[in-house]
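The next block holds one structure in the form of C-alpha cells; read it before the comments.
The values are calculated or read from the model by the stated rules, or taken from the named source; none is laboratory data. As the structure is a computational prediction, the values presented were derived from the model and not from experiment. Backbone-built Cβ (ideal geometry, glycine too); neighbour counts: all protein chains shown. Protein only, heavy atoms only, side chains kept; ligands, DNA and RNA dropped before computing areas. Shrake-Rupley method; radii C 1.70, N 1.55, O 1.52, S 1.80 Å.
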Amino acid sequence: MSVMTLNEFLRHIESGLPLTGELLPFMDEMGEEARRITFELNSSYHTLEQVRELLSRLFAYPVDPTLRVFPPFYTDFGKNIRIGKHVFINACCHFQDHGGVTIGDGCLIGHNVVFATLNHDENPANRIAMTYAPIVLGKNVWVGSNSTILQGVTIGDGAIVAAGAVVTKDVPANTIVGGVPAKPIRNIVP
C-alpha cells in the first residue's frame, strides 16, 4: 500500500514535476480503485441518481445534481476530474485524468470521447517516462463523438469540436475545429 495521499499527489501534479517511479505505487492503487468503481458503474443499469452517487465516489467529491452521464464511463484515475453544472457526458467516454480534466458549466460530450492528459517521452530510451498537462474546457463547449483531446489543451467558451477531431492545440472561444489534427473551420456568431 502506498504512503502517498491524494492531496500530495495532486500537489505534485500542480508542481509540474515528472511522474517518477516513486509515484507508481500510488497511481496503481488509485487505478485499482477507479476500476472497481467503474466496473460497478458499467456492469448493470443505474438510475441517473445512482450514477451520480458512483461518480461522487470515483471523483472523491459530491458531483452536481445536474450532471448527466450515460454509462459506460471509463477513467484510469478518477480523482483529478472537475465537472461544472448542467454537463452531459454520453456513453463510452474515457478520461485519462492524472494531469487534470476540468469541464465547465453547460458542456456536452459526445460518444467515445477521449481526454488524454498523459503522454510518453519521444526518446525510445526514455519512453517509460510520462509527461502530463491538464485539459480544460470552458463553458458551453460541445465535443463531438469520437474526438480526442490531448494533454495541455484548453478549449474556450462556446467552442465546438467536430466529430472525430484530434485536438492538439488550444481552441479559441466560439470557434469550430475539426480534422486530424484539429484546425479552425469557422467562428460562431453568438
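The table that follows gives values for the structure above.
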{"read-out": "Equivalent-ellipsoid semi-axes of the chain, from the Cα gyration tensor, Å, largest first", "value": "26, 22, 14"}
{"read-out": "Positive-end extreme of charge dipole, the range 55-130 - chosen from His98, Ile109, Asn123 (charges on Cβ)", "value": "Ile109"}
{"read-out": "Where labels lie 7 Å past Cα in the beta-carbon direction, separation of Arg57 and Glu122 in nm", "value": "4.3"}
{"read-out": "Accessible solvent surface per residue of the range 1-88, calculated while the other protein chains remain in place, 1.4 angstrom probe, Å²", "value": "57"}
{"read-out": "Area accessible to solvent at Arg127, 1.4 Å probe radius, in Å²", "value": "110"}
{"read-out": "Distance (nanometres) between label positions extended 7 Å along Cα→Cβ at Glu14 and Ser43", "value": "3.6"}
{"read-out": "The range 1-75: relative contact order as a whole-number percent, Cα under 8 Å and 6+ apart", "value": "29"}
{"read-out": "Helix-only mean residue ellipticity at 222 nm for the chain, each DSSP H run of n ≥ 4 adding -39500 (n - 2.57), per residue, nearest 500", "value": "-7000 deg cm²/dmol"}
{"read-out": "Percent breakdown of C-alpha pair distances by 10 Å bin, ordered from the shortest bin, for the range 71-156", "value": "19, 51, 22, 7, 0"}
{"read-out": "Whole-percent carbon and sulfur share, accessible surface of the range 35-178, 1.4 Å", "value": "57"}
{"read-out": "Against the rule of thumb 2.2 N^0.38 Å, how large the Cα Rg of the range 1-94 comes out", "value": "1.14"}
{"read-out": "Over the range 144-190, volume per residue of the alpha carbon convex hull, in Å³", "value": "56"}
{"read-out": "For the chain, size of Cβ-based charge dipole, Lys and Arg +1, Asp and Glu -1, in debye", "value": "620"}
{"read-out": "Exposure of Leu150 as accessible area (Å², to 10), given a probe of 1.4 Å and all protein chains", "value": "60"}
{"read-out": "1.4 Å probe accessible area per residue over the range 114-190, in Å²", "value": "54"}
{"read-out": "Dimensions (Å) - the range 20-64, Cα atoms, principal axes, largest first", "value": "40, 23, 9"}
{"read-out": "Order of exposure, largest accessible area first, which applies to Leu118, Leu58, Leu48 with probe 1.4 Å", "value": "Leu48, Leu118, Leu58"}
{"read-out": "Net +/- balance of residues flanking Val114 in space, Cβ distance below 14 Å, scoring K and R +1, D and E -1", "value": "-2"}
{"read-out": "Solvent accessible area, Å² - Asp28, 1.4 Å probe, full protein context", "value": "100"}
